[in-house]
1. When you look at residue 187, is it buried (at least 17 other Cβ atoms within 10 Å of the Cβ) and farther than 27 Å from residue 231 by Cβ, yes or no?
2. Of the conditions (1) part of a loop (DSSP other than H, G, I, E, B); (2) buried (at least 18 other Cβ atoms within 10 Å of the Cβ), residue 329 clears all except one; give me its number.
3. Is it the case that segment 349-359 has a residue that's at negative phi, without any contact (Cβ under 8 Å) to a residue 24 or more places away in the chain and part of a helix (DSSP H, G or I)?
4. Taking the options 364, 356, name whichever one is under 25 Å from the mean Cα position of the chain (by Cα), closer than 21 Å to residue 227 by Cα and either at pLDDT below 95 or not assigned by TED's automatic domain parsing to the domain that holds residue 254 (or both).
5. Test residue 297 against the stated conditions and say whether it is surrounded by 15 or more Cβ atoms within 10 Å (Cβ to Cβ), in contact with a helix residue (DSSP H, G or I) (Cβ under 6 Å, 6 or more places away or on another chain), part of a helix (DSSP H, G or I) and in the same structural domain as residue 225 (by TED's automatic domain parsing).
6. Could you look through segment 106-126, keep only residues that are part of a helix (DSSP H, G or I) and touching a strand residue (DSSP E or B) at 6+ places or on another chain (Cβ under 7 Å), and pick out the one that is nearest to residue 233 (Cα to Cα)?
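The values are calculated or read from the model by the stated rules, or taken from the named source; none is laboratory data. Fair warning: this is a prediction, and the values are worked out from it, not measured in the lab. Note: ideal-geometry Cβ built from the backbone for every residue, glycine included; neighbour counts use all protein chains shown.
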């Protein structure tokens with residue numbers, strides 16, 4: 001009996017110690033006493049599922065599911081849990097190259113959306129357009145599939161094939177795309193008539209600022225007298241890189257202000273004293289995030305003219321939190337404001353001159369580019 005009492009006494013001490021430890025752990029995590037019951041409920045539910053489920057489950061899969069559910073509870077389409085594959089895919093977007101078809105994906109109204117095809121990729125060559133809805137991937141419905149999971153399904157080894165079912169308006173189209181090694185070069189330029197330089201940025205990755213600076217200087221040396229910056233179908237990317245680009249033409253002062261949940265502000269400024277060239281920026285519904293930072297800054301500072309169609313409306317900032325096992329969380333941590341303190345999340349930026357592209361537009365009938373040339377030629381007279 002004494003040994004039994006000692007065992008029961010030791011168990012009671014263990015339970016009390018565990019509760020006290022959890023109490024202080026919860027406090028350290030910022031969980032208020034009023035929320036303790038919910039935290040305990042989580043632990044109790046974990047124990048029930050782990051030990052009573054008809055199917056054997058691992059603690060790891062339950063914890064992963066809990067983290068995923070935690071992020072999904074935010075009901076923010078830009079905040080997602082990234083498993084190892086999704087994490088690798090995300091890092092490829094910002095750092096290097098990968099096997100895929102060249103599509104920037106997003107979600108709007110719970111639909112999987114093509115924000116933009118990349119220049120010179122299988123998707124662009126097959127006629128995939130900004131605004132297309134992807135309703136199936138290899139015959140699998142994309143309902144309730146987040147964009148990171150979808151991106152992982154679309155990517156794969158170069159030379160393999162993926163089938164996408166697209167919805168454009170009311171028309172359904174199936175395209176079969178052979179994956180290629182996608183090299184993420186984001187800046188391209190050329191000189192047009194009247195010494196008007198044309199520079200296109202397809203996305204903002206870790207090399208974009210340096211690539212743009214190199215192209216900008218090349219156009220200067222070639223005698224550029226005006227600049228067309230094409231941000232159409234540019235889904236955004238790294239904040240710091242778009243700021244580096246904006247510093248070339250936004251006058252001294254704020255480019256963008258990032259505001260967190262507590263109202264704390266971080267301002268990114270330009271030091272440019274003398275503007276070099278007349279500027280037109282081309283935008284459309286595929287211009288998102290970092291592209292909209294530039295568009296908003298140009299419009300607010302009157303450092304150029306926006307031509308095209310209203311932008312996508314993603315005015316929030318995400319950051320990656322690594323969880324230590326190759327997974328991570330992409331979490332919305334702030335919203336940004338333009339120099340005139342406009343918050344454009346869910347709203348977008350209206351162009352100064354609205355010009356729609358004709359259906360099935362090509363380089364030969366690019367009405368937006370034609371308007372940009374018209375405006376700049378008038379300024380150069």
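1. Details: buried (at least 17 other Cβ atoms within 10 Å of the Cβ): yes; farther than 27 Å from residue 231 by Cβ: no.
The answer is no for residue 187.
2. The number of the failed condition is (1).
3. So in segment 349-359, the residues at negative phi come out as 349-359.
If we keep only those that are without any contact (Cβ under 8 Å) to a residue 24 or more places away in the chain as well, we get 358-359.
From what is left, the residues that are part of a helix (DSSP H, G or I) are none.
No, segment 349-359 has no match at all.
4. Numbers: 364 fails: under 25 Å from the mean Cα position of the chain (by Cα).
None of the others qualify; the one that does is 356.
5. On the way: surrounded by 15 or more Cβ atoms within 10 Å (Cβ to Cβ): yes; in contact with a helix residue (DSSP H, G or I) (Cβ under 6 Å, 6 or more places away or on another chain): yes; part of a helix (DSSP H, G or I): yes; in the same structural domain as residue 225 (by TED's automatic domain parsing): yes.
Answer is yes for this residue.
6. Step one: filter segment 106-126 for residues part of a helix (DSSP H, G or I), giving 122-125.
Among the residues that remain, those that are also touching a strand residue (DSSP E or B) at 6+ places or on another chain (Cβ under 7 Å) are: 122-124.
Numbers: 122: 16, 123: 13, 124: 11 Å.
Among them, the one singled out is 124.
Yes/no matrix, rows are residues, columns are (1) touching a helix residue (DSSP H, G or I) at 6+ places or on another chain (Cβ under 9 Å); (2) at pLDDT 85 or above; (3) crowded, with 19+ Cβ neighbours inside 10 Å:
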{"residue": "82", "(1), (2), (3)": "yes, yes, yes"}
{"residue": "85", "(1), (2), (3)": "yes, no, no"}
{"residue": "104", "(1), (2), (3)": "yes, no, yes"}
{"residue": "117", "(1), (2), (3)": "yes, yes, yes"}
{"residue": "124", "(1), (2), (3)": "no, yes, no"}
{"residue": "135", "(1), (2), (3)": "no, yes, no"}
{"residue": "146", "(1), (2), (3)": "yes, no, yes"}
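A quick yes/no check of all residues on (1) closer than 30 Å to residue 376 by Cβ; (2) touching a residue at least 24 places away in the same chain (Cβ under 8 Å):
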position	(1), (2)
132	no, yes
145	no, yes
153	no, no
191	yes, yes
